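The values are calculated or read from the model by the stated rules, or taken from the named source; none is laboratory data. Bear in mind that the values here come from a model prediction, so they are computed numbers and not experimental data. Counting neighbours? That spans all protein chains shown, and the Cβs are built from the backbone with ideal geometry, glycine included. What goes into the accessible areas is simple: the full protein's heavy atoms, side chains included, and nothing from ligands, DNA or RNA. Shrake-Rupley method; radii C 1.70, N 1.55, O 1.52, S 1.80 Å.
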Amino acid sequence: MIKKWKYVLLALVAFAQTYTNELVLAQESSIVPNLLNSQGWFEGGTKYKVTGENIKASWTPHADNIPWEGNYVFDVQILSYERDEVIIDERALNQLEYNFTLPRVGHYVLRVRACYANNTTDCSEWSNSWSAENSIEFSGTMVNGWWIFVWLDAPSDIGIR
Amino acid sequence: MARVGTKVFFWTESSAADVEEYRVYVEPEANPVNYSSPYISAGKVTEVDLGELANQGFAPLVDAEGDFNLGVSALDTAGNESDIAVKPSVPLDFVAPVPPTGLGVR
């Protein structure tokens with residue numbers, strides 16, 4: 001009888017352990033990726049770009065100095081503010097950067113999150129908190145995301161002859 | 001009617017793929033160029049002959065003589081307009097000389 005209870009207990013512990021592991025990323029805010037600027041510093045903020053310009057987003061695996069273990073992949077989303085929808089939704093990127101262009105004038109937000117490489121549905125929180133469903137909140141949420149303002153490139157090299 | 005000479009205003013096109021036209025702005029030197037300035041829609045080109053615009057009656061250039069601020073912007077198919085690239089203090093002279101007088105034959 002005691003033996004039976006031991007097995008039940010062991011099974012319960014194993015289940016709890018698995019369940020806990022699956023929730024780690026969602027609950028562990030320190031594992032949220034941190035976007036970087038071109039100098040490699042942590043940065044959430046505003047980028048001013050023009051249509052068709054190559055834009056590179058890069059990030060570190062974590063927002064703090066927890067050692068990188070290398071078993072994560074990353075999701076990147078870009079939302080169009082005017083259209084209130086996700087226009088770029090890249091999943092399970094096995095890299096720490098993402099290159100893209102935005103062909104239309106407008107306001108966009110970019111965010112990133114980490115997921116387990118062996119279970120890409122088990123992910124950290126997004127690096128900032130907007131959602132297409134709830135629209136973008138203007139203040140207090142851009143902790144670690146990018147606003148991207150995309151304008152039309154002006155003519156250049158003007159002159160007279 | 002007198003005709004004025006050629007003065008070509010040119011630029012390098014915007015990198016945007018959906019540019020539909022360029023606007024050319026003209027202001028006297030004392031006034032900065034902005035989106036309220038007089039302009040002409042030049043089409044999808046990379047130069048315009050200001051003298052020809054004067055001949056066609058573009059008001060800021062008719063009988064223009066002095067220094068002017070010139071600007072050019074790009075418009076895309078959705079109607080978005082870029083910043084205005086400005087060339088300040090461009091000397092223009094679209095006043096034709098008084099025609100000769102005292103004509104005769106001998």
Condition check: of a type outside the set (Lys, Arg) and farther than 15 Å from A:ILE160 by Cβ. Does B:VAL24 satisfy that? no
Among the numbered criteria (1) more than 10 Å from the chain's Cα centre (by Cα); (2) open to solvent by 20 Å² or more (accessible area, probe 1.4 Å); (3) at negative phi, which one does B:PRO60 miss? (1)
Picked from region B:11-40 (must be open to solvent by 60 Å² or more (accessible area, probe 1.4 Å) and touching a Lys or Arg at 6+ places or on another chain (Cβ under 7 Å)), the residue nearest to B:PHE94 (Cα to Cα) is B:TYR39
Out of (1) more than 19 Å from B:VAL86 (Cβ to Cβ); (2) exposed (fewer than 13 other Cβ atoms within 10 Å of the Cβ), the one B:GLU52 does not meet is (2)
Within region B:64-89, restricting attention to residues that are touching a Gly at 6+ places or on another chain (Cβ under 7 Å) and open to solvent by less than 60 Å² (accessible area, probe 1.4 Å), which residue is nearest to B:SER36 (Cα to Cα)? B:ILE84
Among (1) part of a loop (DSSP other than H, G, I, E, B); (2) modelled with pLDDT of 80 or more; (3) touching a Pro at 6+ places or on another chain (Cβ under 7 Å), the one test that A:GLU53 misses: (3)
Subset of region B:78-106 (residues that are facing chain A (nearest Cβ under 7 Å) and among the polar types (S, T, N, Q)): B:ASN80, B:SER82
Which listed residue is of a type in the set (Val, Ile, Thr), in a loop (DSSP other than H, G, I, E, B) and closer than 15 Å to A:ILE158 by Cβ, from B:VAL24, B:VAL45, B:VAL4: B:VAL45
Evaluation of B:LEU92 against (1) in contact with a Ser or Thr (Cβ under 8 Å, 6 or more places away or on another chain); (2) buried (at least 21 other Cβ atoms within 10 Å of the Cβ) (one fails), failing number: (1)
State all residues of region B:32-42 that are hydrophobic (A, V, I, L, M, F, W, C) and part of a strand (DSSP E or B); if no residue qualifies, say none. B:ILE40, B:ALA42
Could you list, in sequence order, all residues of region A:84-104 that are in contact (Cβ under 8 Å) with a residue 24 or more places away in the chain and open to solvent by less than 40 Å² (accessible area, probe 1.4 Å)? A:TYR98, A:PHE100, A:LEU102
Within region B:65-77, which residues are outside any strand (DSSP E or B) and at the interface with chain A (Cβ under 7 Å from one of its Cβ atoms)? none
Out of everything in region B:7-24 that is at the interface with another protein chain (Cβ under 7 Å from one of its Cβ atoms) and in contact (Cβ under 8 Å) with a residue 60 or more places away in the chain, what residue ends up being farthest from B:THR77 (Cα to Cα)? B:LYS7
